[in-house]
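The values are calculated or read from the model by the stated rules, or taken from the named source; none is laboratory data. In this text the structure is predicted, and so the values were computed from the model without any measurement. Please note: Cβ atoms are built from the backbone with ideal geometry, for glycine as well, and neighbour counts cover all protein chains shown. SASA here: full protein model, heavy atoms, side chains in, ligands and nucleic acids out. Shrake-Rupley method; radii C 1.70, N 1.55, O 1.52, S 1.80 Å.
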Amino acid sequence: MNREQWTAVDEYFTQKFVSADPILEAVLENNASAGLPPIDVAPNQGKFLHLLARIQGARTILEIGTLGGYSTIWLARALPADGRLITLEAASKHAEVAKANIARAGLESVVEIRLGDALDSLSALADEKQGPFDLIFIDADKKNNPDYFRWALKFSRKGSVIITDNVVRKGAVVDEATSDPNIVGVRQFADLVANEPTVSATAIQTVGSKGYDGFAIALVTEDPR
């Protein structure tokens, strides 16, 4: 088993279950043309996020980490007509590309992009008394995952779902001696989740066109303290 086979399997299920979508395909092309790193979720993962949002019946979504807006569009398409999604992006170039992609998808009235350091943006959202959100997707710099999770709890209610991407790090998450700040951040995040009495959580390993990684999902079981 290798990445070539994992990719082939991803492509097989994408062809079976994910309808061809010129807009989403154009988003990926735009991202590549703009020089954005090729770290968007895979199409089948995007569909998975979309389905989770629909299963949740989400009306409000907070996304931490926009990149070019590919996952943003998948999530926003799961919202009802009066739903809203706030997405946070630190890089102005990424936000500019995402804005164009979201407009192409006809979702500019649903999606609000907040430009700036995510921790600053989260603080501003709290000052504005935004939330609670039905679903929160964490997919930004991994070293700050502990802080992102703490903020996610503040923006949650009983029944909110918090999804965190890229938690396996090619298996390096089990390396207790690591000094890699991204892996340290994920491990600290895992400790926080494990010791948080107001959530029920698990993590799933994934292999596919994006390599070996995984995501964590937490259900908030009590209103914030």
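One table, with the values for the structure above:
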| item | result |
| --- | --- |
| Whole-Å distance, taken between Cα centres, linking region 187-225 and region 1-68 | 20 Å |
| At R0 = 35 Å, FRET efficiency that the Cβ-Cβ distance of Leu192 and Phe17 yields, to 0.05 | 0.55 |
| Two-site label geometry, Tyr212 and Asp82: point separation in nm, points 7 Å out along Cα→Cβ | 4.9 nm |
| GNM flexibility winner over the chain from Asp134, Asp82, Asp191 (Cα, springs under 10 Å) | Asp82 |
| Average Cα contact separation per residue, the chain, under 8 Å, 6 or more apart, as relative contact order % | 19 percent |
| Set of lysines with alpha-carbon distance to Lys16 below 28 Å, sequence-local pairs under 8 removed | Lys47, Lys170, Lys210 |
| Top of Ser179, Ser200, Ser123 by mean-square fluctuation, Gaussian network on the chain, Cα under 10 Å | Ser179 |
| Region 1-123 - percent relative contact order, Cα under 8 Å, separation 6 or more | 22 percent |
| Accessible surface of the chain [probe 1.4 Å, protein heavy atoms]: carbon and sulfur percent | 52 percent |
| Whole-number percent relative contact order across region 111-222, with pairs defined as alpha carbons under 8 Å at least 6 apart | 28 percent |
| For region 38-93, with +1 on Lys and Arg beta carbons and -1 on Asp and Glu, the positive-most of Gly69, Leu79, Ser92 along the dipole | Leu79 |
